[in-house]
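Here's the structure, in structure tokens; my notes come after.
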Amino acid sequence: MPTTNSTSFALAASLFTLTLTTYIYKTHRRTSNLTSIRTSNANDISHIPPCSTESTEERSAPVAVFLGGTAGVGRGMAEAYAKHTNGNAHIILIGRNATNAQAIIDSFPKPTAPGAKHEFIYCDATLMAECKRTIDDLLQRLTTINYLVLSPMFVRSFHKEETSEGKEPKLVLLYYARFKFTRELMPLMQKAKEAGEDAKVYIVGGPGLGKRIDYDDLGFSKKGYSFWKVRRQFPAYLDVILQEFAAQNPLITFIHAYSGPVRSALADNLEWPLFRIFFKVFFELSFPFSHTASGEHMLHAMLTMAKHPGVWSIDMFGETMPEQKIVVATERERKMLWEHSIGETVAPESSTS
Ligand SMILES: NC(=O)c1ccc[n+]([C@@H]2O[C@H](COP(=O)([O-])OP(=O)(O)OC[C@H]3O[C@@H](n4cnc5c(N)ncnc54)[C@H](OP(=O)(O)O)[C@@H]3O)[C@@H](O)[C@H]2O)c1
Ligand SMILES: *[C@@H]1O[C@H](CO)[C@@H](O)[C@H](O)[C@H]1NC(C)=O
């Protein structure tokens, strides 16, 4: 069966990529030093406005939103951010697992600055209706967002699945939900920028890992879904859409980062027990980054490397990637993907309140 073949092929290719990146990591000459990254993060964060030392200001706490902050890379970034701000930030974790969220929030240093607080918002981001509800809530309650970190993912199987809204949930988490959050929260990012503060969107994905986008079949609805196609094209969707976002929002910083192999919760929900165990063992034995280490590297890219507005492509050490590795889309291609993404992310009628 072609789907089974392409799935096996996709798996083999993914494992090959991961093994290769692990090898690159292990032979990395500059042996990236976690301690020095951590020190530089702690130092750099105190120079970024608004910072906790200016607590006389009416709104001193920066606002950081983490969709996918309840596990893995997003959790690592949220924890590193909380630690380096001494908890003096408004940190919002979005996901589904309230127990995990509470445990993470409990581990943060307690906030002392005005406006600083830590909260969890439940959102099943595979559903556009839920995304809309969450975004509306944020638009209503917040005046600015400084950092919007997007890393949600959930893998039960590699086959095509369908949400109650008729969409493929993996595609939604990898791309459409991220698009919707970025587009619709943009007013709050603009406000941060107008106040002279950081305004950065951070997507955990795979810059340069996608090859050609098939513009005749955006969303894989015409020619059919396969995990291999998704793996080949989706990273490029993110590269290209950030180019369009940057063109529309010249003051905002957009970052697309490859986390590299991280010992995360990504394989925990695979439906085949054998696969789950195999991946779990493979992750634990060969993946070089803990979520904590990855969080520091990714945070370093967000705070320090991405210095000015535009699109930044970041590798697993938090460093900028060579430009020629990234697909550069034409304006026409960017517009096609933009229109497609708008169409796919409309919340169903019944959810408009
Ligand atoms: N780990 C790696 O080796 C690796 C390598 C390359 C790229 N990446 C990419 O990095 C990104 C993050 O992966 P990770 O390893 O951090 O994964 P992870 O540990 O499984 O974390 C995924 C996060 O997404 C959230 N999530 C899952 N389903 C959701 C839903 N329906 N609605 C809202 N949130 C949902 C989870 O929270 P809840 O359970 O609370 O919903 C969790 O916070 C993914 O795009 C992945 O493809 C990872
Ligand atoms: C939350 O995650 C933990 C493991 O980290 C799991 O045991 C628990 O069942 C999850 N809860 C929900 C509601 O998914």
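The values are calculated or read from the model by the stated rules, or taken from the named source; none is laboratory data. Note that the coordinates shown come from a computational prediction; the quantities given were computed from them, not determined experimentally. Every residue, glycine as well, gets a Cβ built from its backbone with ideal geometry; the counts of neighbours run over all protein chains shown. These area figures cover heavy atoms from the full protein model, side chains too; ligands, DNA and RNA do not enter into them. Shrake-Rupley method; radii C 1.70, N 1.55, O 1.52, S 1.80 Å.
Confirm whether K110 is part of a helix (DSSP H, G or I) and open to solvent by 40 Å² or more (accessible area, probe 1.4 Å). Break it down into steps so the answer makes sense when it comes.
Numbers: part of a helix (DSSP H, G or I): no; open to solvent by 40 Å² or more (accessible area, probe 1.4 Å): yes.
Answer is no for this residue.
The C-beta contact set for segment 139-164 (first residue small (G, A, S), second residue in a loop (DSSP other than H, G, I, E, B) and open to solvent by 60 Å² or more (accessible area, probe 1.4 Å), distance under 8 angstrom, 6+ apart or interchain) comprises S157/E271; S157/W272. Only a single criterion out of (1) more than 16 Å from ligand 1 (Cβ to nearest atom); (2) within 17 Å of the chain's Cα centre (by Cα); (3) under 22 Å from D136 (Cβ atoms) is not satisfied by K191, namely (2). Residues in segment 255-287 that are away from ligand 2 (no atom under 16 Å from the Cβ) and part of a loop (DSSP other than H, G, I, E, B): 5 in all. Against the numbered list (1) within 13 Å of ligand 1 (Cβ to nearest atom); (2) more than 14 Å from H90 (Cα to Cα), I121 comes up short only at (2).
Residues that are modelled with pLDDT of 95 or more, open to solvent by 10 Å² or more (accessible area, probe 1.4 Å), under 22 Å from I91 (Cα atoms) and touching a Ser or Thr at 6+ places or on another chain (Cβ under 6 Å): does segment 148-163 have at least one? No; the residues of segment 148-163 include none that is modelled with pLDDT of 95 or more, open to solvent by 10 Å² or more (accessible area, probe 1.4 Å), under 22 Å from I91 (Cα atoms) and touching a Ser or Thr at 6+ places or on another chain (Cβ under 6 Å). Just wondering, is there one or more residues in segment 99-110 that are in contact (Cβ under 8 Å) with a residue 40 or more places away in the chain and more than 16 Å from ligand 2 (Cβ to nearest atom)? Checking segment 99-110: not a single residue is in contact (Cβ under 8 Å) with a residue 40 or more places away in the chain and more than 16 Å from ligand 2 (Cβ to nearest atom). Scanning segment 83-97 for residues that are crowded, with 24+ Cβ neighbours inside 10 Å, within 16 Å of ligand 1 (Cβ to nearest atom) and more than 15 Å from the chain's Cα centre (by Cα) yields one hit, I91.
For E130, the conditions (1) within 16 Å of ligand 2 (Cβ to nearest atom); (2) in a helix (DSSP H, G or I); (3) within 29 Å of H300 (Cα to Cα) are fulfilled apart from (3). For the subset of segment 42-82 comprising residues that are away from ligand 1 (no atom under 16 Å from the Cβ) and modelled with pLDDT of 95 or more, which member is nearest to E184 (Cα to Cα)? Once the filter is applied, the top-ranked residue is V63. The set of residues in segment 197-243 that are under 30 Å from P62 (Cβ atoms) and hydroxyl-bearing (S, T, Y) comprises Y202, Y237. When E284, E339, E271 are screened for being farther than 26 Å from I213 by Cα, of a type in the set (D, E) and without any contact (Cβ under 8 Å) to a residue 60 or more places away in the chain, only E284 passes. Quick check: anything in segment 288-297 in a loop (DSSP other than H, G, I, E, B), surrounded by fewer than 23 Cβ atoms within 10 Å (Cβ to Cβ) and touching a strand residue (DSSP E or B) at 6+ places or on another chain (Cβ under 8 Å)? Yes, because at least one residue in segment 288-297 is in a loop (DSSP other than H, G, I, E, B), surrounded by fewer than 23 Cβ atoms within 10 Å (Cβ to Cβ) and touching a strand residue (DSSP E or B) at 6+ places or on another chain (Cβ under 8 Å). For segment 251-301, filtered to residues that are of a type in the set (A, V, I, L, M) and over 30 Å from I145 (Cα atoms), the residue that is nearest to the chain's Cα centre (by Cα) is A267. Taking the listed residues F227, F220, the one that is among the hydrophobic types (A, V, I, L, M, F, W, C), open to solvent by less than 20 Å² (accessible area, probe 1.4 Å) and farther than 26 Å from M298 by Cα is F220, with no other qualifying. State whether the residues of segment 137-160 include one that is away from ligand 1 (no atom under 16 Å from the Cβ) and on the phi > 0 side of the Ramachandran plot. No, the conditions are met nowhere in segment 137-160.
Hey, can you tell me all the residues within segment 230-257 that are touching a helix residue (DSSP H, G or I) at 6+ places or on another chain (Cβ under 7 Å), within 21 Å of S157 (Cβ to Cβ) and open to solvent by 10 Å² or more (accessible area, probe 1.4 Å)? Result: R231, single match. Scanning segment 307-336 for residues that are polar (S, T, N, Q) and either open to solvent by less than 40 Å² (accessible area, probe 1.4 Å) or in contact (Cβ under 8 Å) with a residue 60 or more places away in the chain (or both) returns a single hit, S313.
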